[in-house]
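The values are calculated or read from the model by the stated rules, or taken from the named source; none is laboratory data. Just so it is clear, the structure is predicted and the values come from calculations on it, not from any experiment. Cβ coordinates were reconstructed from backbone atoms using ideal geometry, including for glycine residues, and neighbour counts include every protein chain displayed. Side chains are part of the model used for accessible areas, which takes the heavy atoms of the whole protein and leaves out ligands, DNA and RNA. Shrake-Rupley method; radii C 1.70, N 1.55, O 1.52, S 1.80 Å.
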Protein chains: 2
Amino acid sequence: MPMSDKLRSQIDFIIACDREKQVLRQTFLCDDSRRENDAEHSWHMALAAMVLREYCPWDVNMEKVLRMCLVHDLVEIYAGDTFAYDAAGQEDKEAREQEAAEKLFGPLGEQGAYFRSLWEEFDAMETYDARFAASLDRFMPFLHNTQNNGRTWKIGPVTSDKVLKRMEPIRTAMPEVWNVMLDMVEESIEKGILLR
Amino acid sequence: MPMSDKLRSQIDFIIACDREKQVLRQTFLCDDSRRENDAEHSWHMALAAMVLREYCPWDVNMEKVLRMCLVHDLVEIYAGDTFAYDAAGQEDKEAREQEAAEKLFGPLGEQGAYFRSLWEEFDAMETYDARFAASLDRFMPFLHNTQNNGRTWKIGPVTSDKVLKRMEPIRTAMPEVWNVMLDMVEESIEKGILLR
């Protein structure tokens, strides 16, 4: 049976997405053995959303949150990863990512527009769903750094005030986790793996 | 603020799950550059569920399907990956995985029991949700092999009848994808990357 153009574009999209497994982040695995890639980060973040849901005080739509976690880094397949503490890289990030979104989602038509809207909602951090997802996107690399002696924090180097600023979405999205995180920041400073 | 025992066990669980990124599958990435790990496979499978949902004729609960995709390989953190075409490995797989499930999910209490039930439902392949998820678990490595010259098919070597038997869940879960897959099997045989 000949493949429909639609299914062909969907299978091509799934194959293109395989490349997310080769987009390396600045974050190292918890055991410090190697850098993490976007695909495994997205999986870990979605899993953490399931685990930590109860700490979010808002009425979030978990199906949508999970979908957002899964697609939130897809544009990096073409735009690359931009280090959160790299001011210069942040400057042209939006233009690079919009172009990448067009290239990646364009061929998928209506479905692509939907995936793109999920990513844009996540990125805008305005809805409760997006704010909860974003808080997990911030919390995950933080957690890794507490485990691998601040491996990424040493690049820069990053100070605790910058880390706290970056973690800000957690304050309202998961208040109890935020409080625990503050203690973890203090412990990290005492251990000498994060600069005050 | 001292961390509650519950949140402590949840954060420990999230950290333990980082190890799924180091459980290597037999499958190679689409570009054949290296073996795939369980974490990135789970992400890719969940993403494919979103993309191919329309080909499933059943009334599936997508939130549950996505949750299943995310947890379906977690027990391999302690039980290891068992190659689908390894008959000996399949024999003690269940005992190894039950033990691993106890170790991984036990400390999480009620939430752990829920995650375990998701995994068990997936594994039993009886509900529509599980059958749809399972069909994607089968389709993904198939798709990889069509891209990387049958890299995993050469181990064994695997013949087309074995591949088709393994892909059987796709026949009813995604009939149009099944038909297209049959053509891809024929093409793979003609290209010499799969034995008839």
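General observations
- Members of the range A:147-166 found to be farther than 22 Å from B:Ala16 by Cα and either among the aliphatic types (A, V, I, L, M) or in contact with a His (Cβ under 9 Å, 6 or more places away or on another chain) (or both), listed by number: A:Ile155, A:Val158, A:Val163, A:Leu164
- Within the range A:80-97, residues that are free of Cβ contacts under 8 Å to residues at least 12 places away in the same chain and of a type in the set (S, T, N, Q) have Cβ atoms under 8 Å from residues that are open to solvent by less than 70 Å² (accessible area, probe 1.4 Å) and not in a helix (DSSP H, G or I) in these pairs: A:Gln90/A:Thr82, counting only partners at least 6 apart in sequence or on another chain.
- Residue in the range A:82-95 that is out of contact with any Phe, Trp or Tyr (no Cβ under 7 Å at 6 or more places or on another chain), facing another protein chain (nearest Cβ under 8 Å) and either β-branched (Val, Ile, Thr) or buried (at least 16 other Cβ atoms within 10 Å of the Cβ) (or both) present: no
- Selection over the range A:39-51 of residues that are at the interface with chain B (Cβ under 7 Å from one of its Cβ atoms), of a type in the set (A, V, I, L, M, F, W, C) and within 14 Å of the chain's Cα centre (by Cα) gives a count of 5.
- Residues (touching a Gly at 6+ places or on another chain (Cβ under 7 Å) and surrounded by fewer than 20 Cβ atoms within 10 Å (Cβ to Cβ)) located in the range A:143-196: A:Ile193
- So B:Lys6, is it on the phi < 0 side of the Ramachandran plot, out of contact with any Gly (no Cβ under 7 Å at 6 or more places or on another chain) and facing chain A (nearest Cβ under 7 Å): no
- Enumeration of residues in the range B:139-187 that are part of a helix (DSSP H, G or I) and away from chain A (no Cβ under 14 Å): B:Ser160, B:Asp161, B:Lys162, B:Val163, B:Leu164, B:Lys165, B:Arg166, B:Met167, B:Pro169, B:Thr172, B:Ala173
- Residue count, the range B:1-19 (criterion: in a helix (DSSP H, G or I), over 21 Å from B:Ala79 (Cα atoms) and either among the charged types (D, E, K, R) or open to solvent by 90 Å² or more (accessible area, probe 1.4 Å) (or both)): 3
- Every pair of residues 6+ apart whose Cβ atoms lie under 6 Å, when the first sits in the range A:122-135 and is farther than 14 Å from A:Asp73 by Cα while the second is assigned to a helix (DSSP H, G or I) and open to solvent by 50 Å² or more (accessible area, probe 1.4 Å): A:Met125/A:Arg131; A:Asp129/A:Lys64
- Scan of the range B:99-135 for residues that are of a type in the set (S, T, N, Q) and either open to solvent by less than 40 Å² (accessible area, probe 1.4 Å) or not in a helix (DSSP H, G or I) (or both), ordered by number: B:Gln111, B:Thr127, B:Ser135
- Some residue of the range B:20-38 being at the interface with chain A (Cβ under 9 Å from one of its Cβ atoms), among the small types (Gly, Ala, Ser) and either more than 21 Å from A:Ile15 (Cβ to Cβ) or open to solvent by 10 Å² or more (accessible area, probe 1.4 Å) (or both): yes
- Residue within the range B:88-95 that is assigned to a helix (DSSP H, G or I) and within 12 Å of the chain's Cα centre (by Cα) present: no
- Number of residues in the range B:167-184 that are more than 20 Å from the chain's Cα centre (by Cα) and of a type outside the set (Asp, Glu): the value is 4.
- So B:Glu54, is it open to solvent by 20 Å² or more (accessible area, probe 1.4 Å), over 18 Å from the mean Cα position of the chain (by Cα), closer than 28 Å to A:Pro107 by Cα and facing another protein chain (nearest Cβ under 9 Å): yes
- Residues in the range B:61-81 include at least one that is of a type outside the set (A, V, I, L, M), in a helix (DSSP H, G or I) and more than 14 Å from every other protein chain (Cβ to nearest Cβ).
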